[in-house]
Amino acid sequence: MTRRTGLRTVGYSDRFEAGRQLADQLKAYAHRADVTALGLPRGGVVTAAAVAERLAAQLDVFCVRKLGVPWHRELAMGAVASGGVRVLNQDVVDQLRISWHEIDKVTEEEMAELARQETAYRGDRPPLSLEGRTVILIDDGLATGATARAAVLAVRHLNPARVVLAVPVAPPQALPEFEELTDEVVCPLTPDPFDAVGRWYEDFRPTTDAEVRALLERLSAPT
């Protein structure tokens, strides 16, 4: 396992530039027929598209939804991902004494949205097969790690040969667990203090469903 961090000291202009910087650290995977760049929606798909273009790799989306605390939805108590995987942040659940009924209710809501997203992004196109492939799992940044953790565990169920987690920015303390969960972690920027992902982008405007769909239609086939 390899962890490459601290290669940048400043942030990014936008998600495309972040993806290009990531691709520079992923050159070993360029022009290989077995590589899929897998973006986490929505913003992570933009970053993944830039990586896919530079590496001449397939692009696909892997849907993951944060499970927000019922009375404070911005605070993650876990996440769900394609394939029915649910990961909980047990520290948050225990500290706030969140009941299983509350957890299950939020899970049901987010699974419904996850299914909607997959239909909206792909239409009738099935997901790309990941069996035996090298999967580069990409988001536009890592905060608590709950979403990426759920995505990694779900991807593992699809029998890839290798899983690489690539994110443009993350707090340094969030990365060590992914050294155990993945085969490689690539993160050029690990600021401390971290504050929030959006702080490290000049342009961090929300990505739309239409933008995600357009990128997938253009880059989902190998180049």
Going through the range 130-152 in order, the residues found to be among the small types (Gly, Ala, Ser) and either within 21 Å of Ala57 (Cβ to Cβ) or without any contact (Cβ under 8 Å) to a residue 40 or more places away in the chain (or both) are Gly132, Gly141, Gly145, Ala148, Ala151
The range 172-193 residues that are assigned by TED's automatic domain parsing to the domain that holds Asp24 and within 17 Å of Gln21 (Cβ to Cβ), paired with ones that are buried (at least 21 other Cβ atoms within 10 Å of the Cβ) and small (Gly, Ala, Ser) (beta carbon under 7 Å, 6 or more apart) | Val186/Ala166; Cys187/Ala170; Thr190/Ala170
For the range 107-120, indicate whether the set of residues that are at pLDDT below 90, closer than 25 Å to Asn159 by Cα, in contact with an Asp or Glu (Cβ under 8 Å, 6 or more places away or on another chain) and not assigned by TED's automatic domain parsing to the domain that holds Tyr201 is non-empty.
-> yes
Kindly provide the set of residues from the range 111-129 that are of a type in the set (S, T, N, Q) and either in contact with a Leu (Cβ under 7 Å, 6 or more places away or on another chain) or without any contact (Cβ under 8 Å) to a residue 40 or more places away in the chain (or both), ordered by number.
-> Thr119, Ser129
Matching entry among Val80, Val45, Val92 (being among the hydrophobic types (A, V, I, L, M, F, W, C), more than 19 Å from Arg213 (Cα to Cα) and within 13 Å of the chain's Cα centre (by Cα)) = Val80
Answer residue from the range 59-77, given it is surrounded by fewer than 22 Cβ atoms within 10 Å (Cβ to Cβ) and in contact (Cβ under 8 Å) with a residue 24 or more places away in the chain and is nearest to the chain's Cα centre (by Cα) among those | Lys66
Out of (1) out of contact with any Lys or Arg (no Cβ under 7 Å at 6 or more places or on another chain); (2) outside any helix (DSSP H, G or I); (3) of a type in the set (Val, Ile, Thr); (4) crowded, with 22+ Cβ neighbours inside 10 Å, the one Thr144 does not meet is (4)
Output for the range 24-78, where each listed residue is more than 18 Å from Thr144 (Cβ to Cβ), in contact with a strand residue (DSSP E or B) (Cβ under 8 Å, 6 or more places away or on another chain) and basic (Lys, Arg) | Arg32
Can you find even one residue in the range 153-168 that is farther than 29 Å from Ala120 by Cβ, aliphatic (A, V, I, L, M) and either touching a residue at least 40 places away in the same chain (Cβ under 8 Å) or in contact with a Ser or Thr (Cβ under 8 Å, 6 or more places away or on another chain) (or both)?
-> yes
Among the numbered conditions (1) under 20 Å from Glu74 (Cβ atoms); (2) in contact (Cβ under 8 Å) with a residue 12 or more places away in the chain, tell me where Glu108 comes up short.
-> (2)
Consider Ala56 carefully, then state whether it is touching a Phe, Trp or Tyr at 6+ places or on another chain (Cβ under 9 Å) and either of a type in the set (D, E, K, R) or at pLDDT 95 or above (or both).
-> no
Output the number of the condition that Ala37 fails; it satisfies all remaining conditions of (1) part of a strand (DSSP E or B); (2) within 21 Å of Thr207 (Cα to Cα); (3) at pLDDT below 95; (4) not β-branched (Val, Ile, Thr).
-> (3)
Going by the conditions given, is Val169 β-branched (Val, Ile, Thr) and in the same structural domain as Ala33 (by TED's automatic domain parsing)?
-> yes
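The values are calculated or read from the model by the stated rules, or taken from the named source; none is laboratory data. Worth saying up front: this structure is predicted, and the values here are computed from it rather than measured. Cβ: placed from backbone, ideal geometry, glycine included. Neighbour counts: every protein chain shown.
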